[in-house]
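Encoded as structure tokens, the structure appears first; notes follow it.
The values are calculated or read from the model by the stated rules, or taken from the named source; none is laboratory data. For clarity, every value in this text was computed on a predicted model and none was experimentally measured. Cβ: placed from backbone, ideal geometry, glycine included. Neighbour counts: every protein chain shown. With ligands, DNA and RNA removed, areas are computed over all heavy atoms of the protein, side chains included. Shrake-Rupley method; radii C 1.70, N 1.55, O 1.52, S 1.80 Å.
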Amino acid sequence: MRNKLSFYNNNSENVWSGFVDVLTNILIVFVFLLLIFMLSHFFLLTPSNKNNSEAVIKLNDQVNKLSKILISKSEELNKIQLEIDNKSNQIELLDKNLDVALKKAEIETNKQIELKNQINNLNNMIYQMEGEIISKENQIKERKINEKNLKKSINDLNRELQKLNDVFEATDKYIKWQNVQIVELGKKLNRSLANKAAELYKVRSKFFEKISVVLKDDKNFKLEGDRIVIQSELFFKSGSYEIEKEGKTKLNEVAELIKNLEKTIDPEVDWIVRIDGHTDNVPTIGDTSNWELSLKRALAVLQYLQSRNVDSKRLAATGFGEHQPIADNSTAEGRKQNRRIEFKLTEK
């Protein structure tokens, strides 16, 4: 649009500059003729003489010449006016053509911009696709390498499997023989375990028999199945886990029995004396719970037996609190029976 205006202004300036020049010349001639006309009338109105007549004639000649010049200039002016009209028509036509050309140029420019954008997009797509192609090629190379390594590993595994198959075939008969031996050993082991269980039963019976002698006539002692039950009052005051003097005296005898028992039992029999602590359901005073109290009492008995040189590997302590009663906790007598220490000779 700026080019269009520049073109239009340049042509207008050229036409109008010529027109102004012609118009100026005509105006000058007109003024000059007017001046001559006034002078001629002045001389004609004054007394005539020869010099004045000659001057008038000269002036008339000059006026005629100037008239001719004026007519010529008028004709030139008409021609210029025609040229100006033609130029104006041409400019108008050119202006219309220029509008059409500018619209076409604008359309072409937009098309070029769109094409450039499409080209840029395509270039970006090509760049991305090239990157993806390179990545895929690298993946393919890596997979080929992995495939090659896998093939090698498979071949190595096949060789190892073949070796293992050879070993399995070579040891198949040995395994069958071992199975037969295992069956035989199982039978022998069962017989041995049965013998050891029987031996442990005999030892337990002897232990109970001897401890019964030690604790005879003691109302706080009682045998129940495979357990020796002793009332806690024999060892501890209410709420305490410190062993009293009378309890220590009884435990000294129990310690001697356990040490003698270890000498008589077959070393292959893996046995222990388990010390179980129990309480009633009456809450304790302080932060210690019945469960903790039962365990501390069992540990106190175990530690005292250790101090009497009983082998630690033959002892174990557990606490059951109030959760394994043997009598009714709603009565004083029942609660007394539930407060107890139990010794149990058993296998590990």
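General observations
- Around residue 342: net Lys/Arg minus Asp/Glu count, Cβ-Cβ under 9 Å: +2
- Stokes-Einstein D for region 220-290, Kirkwood Rh over Cα pairs, 4 °C, 1.567 mPa s (µm²/s): 89 µm²/s
- Taking amide H atoms as placed 1.01 Å from N in the peptide plane, the amide H of residue 315 lies under 5 Å from those of 273, each 5 or more residues away in sequence or on another chain.
- Under-5 Å amide H pairs with residue 282, H placed in peptide plane, nonlocal only: none
- Cβ-based net charge around residue 284, under 12 Å, with every Lys or Arg adding one and every Asp or Glu removing one: -1
- Each pair of Cα atoms in region 57-118 enters the Kirkwood radius, and Stokes-Einstein at 4 °C and 1.567 mPa s then converts it into a translational diffusion coefficient of 82 µm²/s.
- Enclosing the Cα atoms of region 241-348 in their convex hull gives a volume equal to 111 cubic angstrom per residue.
- Distance violations [Cα-Cα > 23 Å] among 222/344; 222/313; 73/96; 248/296; 250/313: 222/313; 73/96
- Solvent exposure of residue 250, expressed as accessible area, is near 40 Å², computed with a probe of 1.4 Å over the protein chains only.
- When the residues 245, 144 are ordered by accessible surface, computed with a 1.4 Å probe over the protein chains alone, the sequence from largest down reads 245, 144.
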